[in-house]
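Take a look at the structure below.
The values are calculated or read from the model by the stated rules, or taken from the named source; none is laboratory data. Owing to the predicted nature of the structure, the values given are computational and were not obtained by experimental measurement. All Cβ positions, glycine included, derive from the backbone under ideal geometry; neighbour counts span all protein chains shown.
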Amino acid sequence: GSTTTPGATLSWSGPAGFTASGPVATATQPGTYTLTVTAPNNCIAIAEVAVMADTAAPDLLALADTLTCLQPQAGLSANSTTPGVTFAWSGPAGFTSDQAATSTGQPGTYTVTATAPNGCTDSQTVEVAADTLPPDLTLGAAPTLTCAQPQAGLSANSATPGVTYTWTGPNGFTSDQPDPVVDAAGTWAVTVTAPNGCTASAALEVEADFAAPDLLAQADTITCLQPQAGLSANSTTPGVTFAWSGPAGFTSDQATTSTGQPGTYTVTATAPNGCTASQTVEVVLDADLPDLLAQADTITCMQPQAGLSANSTTPGVTYAWAGPGGFTSDQAATSTTLPGTYTIEVLAPNGCTVDTSVVVVADTMAPDLLAQADTITCLLPQAGLSANSATPGV
């Protein structure tokens, strides 16, 4: 307060017993304050003033985002409906900002203070959380593609909720399924992405086994000596199985078997990987009889030994003679002194035989003979001698 009266004194009074002297006083309470001015002549002048109070703090709402692999900068925001406020942020690692909206890449506790034009303030703290944990990922065993299984399923699993899968592989393959089916060998990679944008990756190698088994098939020949022909299949591939098929509905699952039917036989070898190899063999029938020509001589007084001869144009034959008196011989040409029927059997290499018989005749009958002689006389000095036989050719 002030006065123009020389020598006047000023005194203040107010709420809660407030008193002060002098033209200037400091009030700490709102209310009505009275100024009394006393002149030297004790005349008094009184004036009143009202002190108002403005101590309302500004309203404040602070928010913070979460740090993720997808969002490496977390937003910080401060809002107030109080006009004219200013903001002051502070946080970890010396972070400061005077912006209502700002951002940080550091997790931790952040404080924002809002200051109103009346100097009143309000503060709040927010927590910037970090959600940067990658998802877990487990792969199933790598399959092997085979003839029996030309396609195979891959398996990826994650216990992290809400993940997505991305598979890549040979020939530009992609899939968003956790368990895709593949049909090519090579490197297959999967990436799992969690809702927070963090990822985990793994790869596996799919191998292929399409090797056919080796196979060697053989067949014997059906002959008179061997009416059943052997069939054999051999493979050095471990664990193979065999399947034979042939004429007249023939089948067998044995590596070695036999048949009495000529024709074409097929064997298929199947390896444990499902791959196969096949071969055909021909069972030939060799049942041709050998040819045979047999002859016998005649026993005479001039030729007491009769020749026996057998001939065949079939290569490799053997001979067996049998006849009277226990006669035997394995020679093509032999002889005998006994008349009678002789049997010859010829055995070919294929076991087929043919036989025939010949008769040895004995011609040992003496010729008949009539001999006569004349008498020598003086009249017939030469005596005639004559021999006669009815046997032809003597």
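Assorted remarks:
- Within the range 253-265, the set of residues being surrounded by fewer than 18 Cβ atoms within 10 Å (Cβ to Cβ) and either touching an Asp or Glu at 6+ places or on another chain (Cβ under 8 Å) or more than 14 Å from residue 241 (Cα to Cα) (or both) comprises 258, 260, 261, 263, 264.
- Condition check for residue 19: at negative phi, touching an Asp or Glu at 6+ places or on another chain (Cβ under 9 Å) and part of a strand (DSSP E or B): no
- Pairs, first without any contact (Cβ under 8 Å) to a residue 60 or more places away in the chain and closer than 20 Å to residue 60 by Cβ in the range 90-108, second part of a loop (DSSP other than H, G, I, E, B) and polar (S, T, N, Q), C-beta under 9 Å, six or more apart: 91/106; 95/106; 100/80; 103/73; 104/73
- Screening residue 255 with (1) more than 30 Å from residue 172 (Cβ to Cβ); (2) of a type in the set (Gly, Ala, Ser); (3) in contact with a Ser or Thr (Cβ under 9 Å, 6 or more places away or on another chain); (4) touching a residue at least 24 places away in the same chain (Cβ under 8 Å) gives one miss only, at (4).
- Taking (1) in a helix (DSSP H, G or I); (2) in contact (Cβ under 8 Å) with a residue 24 or more places away in the chain in turn, residue 325 satisfies each apart from (2).
This table checks each residue for (1) part of a strand (DSSP E or B); (2) within 34 Å of the chain's Cα centre (by Cα).
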residue	(1), (2)
96	yes, no
99	no, no
103	yes, no
109	yes, no
126	yes, no
133	no, no
148	no, yes
162	no, yes
166	yes, yes
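- Residues being among the hydrophobic types (A, V, I, L, M, F, W, C) and farther than 22 Å from residue 54 by Cα - total across the range 13-39: 4
- Residue in the range 310-317 that is assigned by TED's automatic domain parsing to the domain that holds residue 346, in contact with a strand residue (DSSP E or B) (Cβ under 7 Å, 6 or more places away or on another chain) and free of Cβ contacts under 8 Å to residues at least 24 places away in the same chain present: yes
- Selection status of residue 76, at pLDDT 95 or above, assigned to a strand (DSSP E or B), under 60 Å from the mean Cα position of the chain (by Cα) and exposed (fewer than 14 other Cβ atoms within 10 Å of the Cβ): no
- A search for C-beta distances below 6 Å between a residue of the range 1-12 that is closer than 12 Å to residue 42 by Cα and free of Cβ contacts under 8 Å to residues at least 40 places away in the same chain and any residue that is part of a strand (DSSP E or B) and polar (S, T, N, Q), counting only pairs 6+ apart in sequence or on different chains, returns 9/38.
Yes/no per residue for (1) within 27 Å of residue 271 (Cα to Cα); (2) surrounded by 13 or more Cβ atoms within 10 Å (Cβ to Cβ):
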| residue | (1), (2) |
| --- | --- |
| 136 | no, yes |
| 144 | yes, yes |
| 152 | yes, yes |
| 156 | no, yes |
| 160 | no, yes |
| 163 | no, yes |
| 171 | no, no |
| 174 | no, no |
| 194 | no, yes |
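- The listed residue being surrounded by 15 or more Cβ atoms within 10 Å (Cβ to Cβ) and touching a Leu at 6+ places or on another chain (Cβ under 8 Å), out of 306, 271, 229, 217: 217
- Test result for residue 248, surrounded by fewer than 13 Cβ atoms within 10 Å (Cβ to Cβ), hydrophobic (A, V, I, L, M, F, W, C) and either out of contact with any His (no Cβ under 7 Å at 6 or more places or on another chain) or not in a strand (DSSP E or B) (or both): yes
The rows are residues; the columns are (1) of a type in the set (D, E, K, R); (2) in contact with a Cys (Cβ under 6 Å, 6 or more places away or on another chain); (3) surrounded by 15 or more Cβ atoms within 10 Å (Cβ to Cβ).
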position	(1), (2), (3)
5	no, no, no
16	no, no, no
24	no, no, no
69	no, yes, yes
83	no, no, no
92	no, no, no
98	yes, no, no
